[in-house]
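A short write-up of the structure that comes next.
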Amino acid sequence: MNGRAQRLVRDAAEAAQVRAYQTDPDVVALRIERVRRQVDWMCWSGIVLGLAFTMANVQGFASAGTRPWSLAWLAAWVLDPTVSLVLLAILRAEQVTARYQVRTGPWVRRAKWFTLAATYVMNTWESFADRDPAAIVLHSVPPLVVFVAVEAITDLRDKLTDAVLVAHRSAGQAGSEAGRRKLFADYLAEARECWSPGIEISPAWVRQVTGCSRGLSPRLARALRAEVADA
């Protein structure tokens, strides 16, 4: 074997090893877990930034007509965090339940929608009252983005968990198929059972009775002829 052929053999062996590791269910699960962390980080960052934007708007809505730094003005800063903390608590709980695909009750979803609706109303009330389209769009986008992200992040966690389960199932099926793979001795036993005196043992006949590959049939034919000759 020349040097180029040896390199090709080494490359093929290395590629097969890399492919085996890439399709390993634990490796797939690790990759999906990294993607899950990235998705969580980006979604949570967007949700927190959106809620921070709404907090300033809600404070202005709640403190309208009050003197700056008065007790009522300071208390207005508490209104939006009160709603946002409840929403974040629900999302954090759903993050765990979605990971293990445990469904929550209807009140959890109602509480999530109520907090999101309350945030949207408090953000856009003055804009709708003033009939200012630009202000309505400006104050509607952050709450709606938070709402969409809240709904999407739960579904994404479910699908990422499904991806891990599918990877494990696929690996298990591949292992089962590998375990059922026919060996040379199995093909030879089938050919031996089908042979009777007067039948010419040829590669074509071996392929016909065993269904083996064209490359394997000559070896099987030689082995069976040797057995018949010894008998």
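Between the alpha-carbon centres of region 48-103 and region 112-132 there is a gap of 13 Å. Starting from the Cα gyration tensor of region 45-118, take the square roots of the eigenvalues, sort them a ≥ b ≥ c, and report rounded, prolate or oblate (rounded when a/c is under 1.5, otherwise prolate if a/b is larger than b/c, else oblate). Here region 45-118 falls in the prolate category. Would you mind classifying region 89-166 by shape? Square roots of the alpha carbon gyration tensor eigenvalues, ordered a ≥ b ≥ c; an a/c under 1.5 is rounded, otherwise it is prolate if a/b is larger than b/c and oblate if not. Verdict is prolate for region 89-166. Accessible surface of Trp125, taken over heavy atoms with a 1.4 Å probe and every protein chain present, rounds to 150 Å².
Can you tell me how region 189-231 classifies by the Cα gyration tensor, rounded, prolate or oblate, using a/c under 1.5 as the rounded cut? Could you put the intermediate results ahead of the total?
Numbers: a/c = 1.88, a/b = 1.45, b/c = 1.29.
Prolate, since a/c reaches 1.5 and a/b exceeds b/c.
Each other residue within a Cβ distance under 12 Å of Arg225 adds +1 if Lys or Arg and -1 if Asp or Glu, for a net charge of 0. A simple rule links phi to the HN-Hα coupling: the Karplus curve 6.51 cos²θ - 1.76 cosθ + 1.60 with θ = phi - 60°, which for region 106-121 gives x, 5, 5, 5, 5, 4, 5, 5, 5, 5, 5, 5, 4, 4, 5, 4 Hz, with x for Gly and Pro.
Per residue, region 13-151 exposes 64 Å² of solvent-accessible protein surface, assessed with a 1.4 angstrom probe and all protein chains in place.
The values are calculated or read from the model by the stated rules, or taken from the named source; none is laboratory data. The shown structure was predicted, so the numbers you read here are calculated from the model rather than taken from an experiment. Neighbour counts are summed over all protein chains in view; Cβ atoms, including those assigned to glycine, are modelled from backbone coordinates with ideal geometry. Just so you know, the surface numbers come from the protein's heavy atoms only, side chains and all, with ligands and any DNA or RNA stripped out. Shrake-Rupley method; radii C 1.70, N 1.55, O 1.52, S 1.80 Å.
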